[in-house]
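Below is one structure, written out as structure tokens, with a few remarks after it.
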Amino acid sequence: MTKRFQVVGIGNAIVDVITQADDSFLDLMGIEKGIMQLVEKDRGEMLYGAMEQRVQAPGGSVANTMAGLGALGLSTGFIGRVRDDALGRFYAKEMVDDGTVFVNAPVSGGELPTSRSMIFVSPDGERSMNTYLGISSEISSVDVHEETARDTEVMFLEGYLYDKDKGKEAFDRAAQVTHGAGGKVGLSLSDPFCVERHRDSFRRFVREMDFVIGNEHEWESLYQTDLSAALEQAAAECGLVVCTRSGSDTVLVRGDDRAVVPVNRVTPVDTTGAGDQFAAGFLYGYATGRDLETCGRMGNVAAGEVIGHIGPRPEADMKALFRQNGIAL
């Protein structure tokens, strides 16, 4: 029997607010370049006020991935938490317009506002994210409805949620219910600092996953060794290991099956969403039964598209791009 959803993601529901800024502005504002920093409400409001020519879009790592998959025509859902305020209603509507079911209605009467991330894009394409988590960080097992988790073929989890105990409980419930109903479950490692904060938990969780996606720095941080040794250890513990290496070959390993997929190097306009859209391309291949190399190629094409413009979601017809790159659909 076909399930309602091909892929459901669970993650932070964050409105991305994007502007361009040079290095001197970052220094002036005390913003550390190229990483994601959590900020409190007051600093978030100050940074928001300092942004000129803002572009606003629904974001959050896994939500961006779901939007990419929705654009590719898969049946997708997203489990996230927004408040019933202007930003929250904007977020829910945009997700639906992008082709993804927003599973949980905006929360009315919540104390915390809808989450937002102030993203400053440097001339070299690096993005520096300053995230006020707001209500999205309150996601818990209560938000994971059994009928949704049972009715998905692939459940995709965002590592950032591990920053709260409630988020861990949501993870555990989603994985347990989806696996119990015969579905697959995978994890994004999210970022090296996230891995560092939760290394022991992640190491245990990886063993239960059907696939795990991370970049080279995240894998090295997880196993505290060089990349080659880290991937060897990961492959022994996890169903399918996916490793992106900014501008270099992507590596996918499942048991004795290994694929090394080259990337077409391009000068990035904005790297926001590169990993998220790589995941979308990879998951499209994974959910439709493609081999490792094809999954990797789809991921690379999707990542290459999104770094060519401002914003974390694709603007091109991705199926047409796949065909242009010699990938049969």
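The values are calculated or read from the model by the stated rules, or taken from the named source; none is laboratory data. Just so it is clear, the model here is predicted, and its values are computed rather than measured. Here the Cβ is made from the backbone with ideal geometry for all residues, glycine too, and neighbour counts use every protein chain on show. Just so you know, the surface numbers come from the protein's heavy atoms only, side chains and all, with ligands and any DNA or RNA stripped out. Shrake-Rupley method; radii C 1.70, N 1.55, O 1.52, S 1.80 Å.
Over the chain, what is the percentage of antiparallel beta bridges among all DSSP beta bridges, to the nearest 5? Rounded to the nearest five, the antiparallel share is 35 percent. Sorted into 20 angstrom bins from 0, the C-alpha pair distances of the chain split as 34, 61, 5 percent. Since only Gly60, Ile310, Gly73 are under comparison, the one whose Cα sits farthest along the positive direction of the charge dipole of the chain, derived from C-beta charges on Lys, Arg, Asp and Glu, is Gly73. Averaging Cα coordinates gives a centre for segment 106-127 and one for segment 17-61; these two points are 9 Å apart. Normalised by the number of residues in the chain, the average gap of Cα pairs under 8 Å and 6 or more apart makes the relative contact order 17 percent.
With the other protein chains left in place, how much accessible area per residue, in square angstrom, belongs to segment 20-65 at a 1.4 angstrom probe? Numbers along the way, then the final one.
Details: 2670 Å² over 46 residues.
I get 58 Å² per residue for segment 20-65.
In this rough spin-label picture, where each label sits 7 Å from Cα along the Cβ direction, the Arg258-Asp97 distance is 4.6 nm. The alpha-carbon of Lys3 sits under 13 angstrom from the alpha-carbons of these aspartates and glutamates, leaving out residues fewer than 8 places away in its chain: Glu147, Asp151, Glu153.
Can you list which of the trypsin sites (Lys or Arg not before Pro) found in segment 1-89 are DSSP loop residues with at most 12 other C-beta atoms within 10 Å?
Details: sites: Lys3, Arg4, Lys33, Lys41, Arg43, Arg54, Arg81, Arg83, Arg89; in loops: Lys3, Arg4, Lys33, Arg54, Arg81.
Filter output for segment 1-89: Arg54.
Scaled to the globular estimate 2.2 N^0.38 Å, the Cα spread of segment 76-133, given as radius of gyration, is 1.32. Counting only Cβ charges, +1 for Lys and Arg and -1 for Asp and Glu, the dipole size of segment 125-221 around its Cα centre is about 200 debye. The modelled label-to-label distance between Ser248 and Ile35, using points 7 Å beyond Cα along the C-beta direction, is 2.1 nm. When peptides 312-320, 270-278 are ranked by their average number of other Cβ atoms within 10 Å per residue, the highest-first order is 270-278, 312-320. Here the 3J(HN,Hα) profile of segment 130-136, calculated from phi with Karplus coefficients 6.51, -1.76 and 1.60 at θ = phi - 60°, is 10, 10, 9, 6, x, 6, 5 Hz, Gly and Pro shown as x.
Site pair Ser141 and Asp226 shows an inter-label distance of 4.3 nm when each label is modelled 7 Å from Cα along Cα→Cβ.
May I have the convex hull volume per residue, in Å³, for the Cα set of segment 1-96?
Values: hull volume 12.2 nm³, N = 96.
In segment 1-96, the Cα hull volume divided by residue count equals 127 Å³.
A protection proxy built from the mean count of other Cβ atoms within 10 Å ranks the segments 229-239, 68-78, most packed first, as 68-78, 229-239.
In summary, the lysines within cross-link reach of Lys164, defined as a Cα separation below 26 angstrom excluding same-chain residues under 8 places away, comprise Lys33, Lys41, Lys184. In the elastic network of the chain, a GNM with C-alpha springs shorter than 10 Å, the most mobile of Gly281, Gly110, Gly44 is Gly110. The phi-based Karplus calculation (6.51 cos²θ - 1.76 cosθ + 1.60; θ = phi - 60°) puts the 3J(HN,Hα) values of segment 120-128 at 9, 9, 7, x, 8, x, 5, 10, 10 Hz, whole numbers, x for Gly and Pro. Let me know the shape class of segment 122-233, please: from the alpha-carbon gyration tensor, a ≥ b ≥ c as square roots of the eigenvalues, rounded when a/c is under 1.5, otherwise prolate if a/b is greater than b/c, or oblate. Oblate. For the pair Ser108 and Arg197, the difference between a 0.36 nm per residue extended length and the Cα-Cα distance amounts to 28.8 nm.
Of the three principal axes defined by the Cα atoms of segment 211-300, the extents in descending order read 35, 30, 18 Å.
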